[in-house]
Amino acid sequence: VQLQASGGGLVQAGGSLRLSCAASGRTFSTYAMAWFRQRPGKEREFVASISRSGESTYYANSVKGRFTIYRDNAKNTVFVQMNTLQPEDTAVYYCAAREGTAKAIRLVSYDSWGQGTQVTVSS
């Protein structure tokens, strides 16, 4: 599956952004989807994931209660709504797909990756 992330930008602290990841190729609904991010000078880290049906979601503690991941299988797209953004959320955000459970937080668990979209939060 090919993934194309979009929606990044510059936002002030306390603001919101919604990232999108459009999938093409194989049947989108057969993939669990996730968002990862790579902050400056840091390793890529798990942010959130969602099951194939959308019924199950998982979040990193750092974003729980502020970010919401959801998907529209009819539009082959996964989203993450990011609220109450803080400067420490500044990162390149990547979407990823895997054939299996969404309860996976390791990079190596995901088979396909999008190109990344930059999110910058100013203080």
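What does the net charge come to around Ser16 if you take all other residues with beta carbon closer than 12 Å to its beta carbon, with K and R at +1 and D and E at -1?
+1
In Å, the Kirkwood hydrodynamic radius of the chain over pairs of distinct alpha carbons?
14.0 Å
So what's the net charge close to Ala60: Lys and Arg +1, Asp and Glu -1, counting the other residues with Cβ under 14 Å from its Cβ?
Cβ neighbours under 14 Å give a net charge of +4.
Quick check: net charge around Glu43, other residues with Cβ under 12 Å of its Cβ, Lys/Arg +1 and Asp/Glu -1?
With Lys, Arg at +1 and Asp, Glu at -1, the net is +4.
Heavy atoms only, probe 1.4 Å: what % of the accessible area of the chain goes to carbon and sulfur, would you let me know?
45 percent
What size of dipole, in debye to the nearest 20, comes out for region 1-102 about its Cα centre when the only charges are +1 on Lys and Arg C-beta atoms and -1 on Asp and Glu C-beta atoms?
80 debye
Leaving out same-chain residues fewer than 8 places away, which lysines sit with a Cα under 21 Å from that of Lys64?
Lys42, Lys103
Find the centroid of the Cα atoms in region 10-24 and in region 63-123, then give the distance between the two in whole Å.
9 Å
So how exposed is Asp111, as accessible area in Å² (1.4 Å probe, rounded to 10)?
Surface accessible to solvent at Asp111 totals approximately 100 Å².
Exactly which trypsin sites (Lys or Arg not before Pro) in region 86-123 are in a DSSP loop and have at most 15 other Cβ atoms within 10 Å?
Hits after loop and neighbour filter: Lys103, Arg106.
Just Thr68, Thr84, Thr27 to compare: in a GNM of the chain, with alpha carbon springs under 10 Å, which one fluctuates most?
Top of the fluctuation ranking is Thr27.
The values are calculated or read from the model by the stated rules, or taken from the named source; none is laboratory data. Small disclaimer: the values here were computed from a predicted structure and weren't measured. Methodologically, a virtual Cβ is constructed for each residue, glycine included, from the backbone with ideal geometry; neighbour enumeration extends over all protein chains shown. Heavy atoms of the whole protein, side chains included, go into the accessibility calculation; ligands, DNA and RNA do not. Shrake-Rupley method; radii C 1.70, N 1.55, O 1.52, S 1.80 Å.
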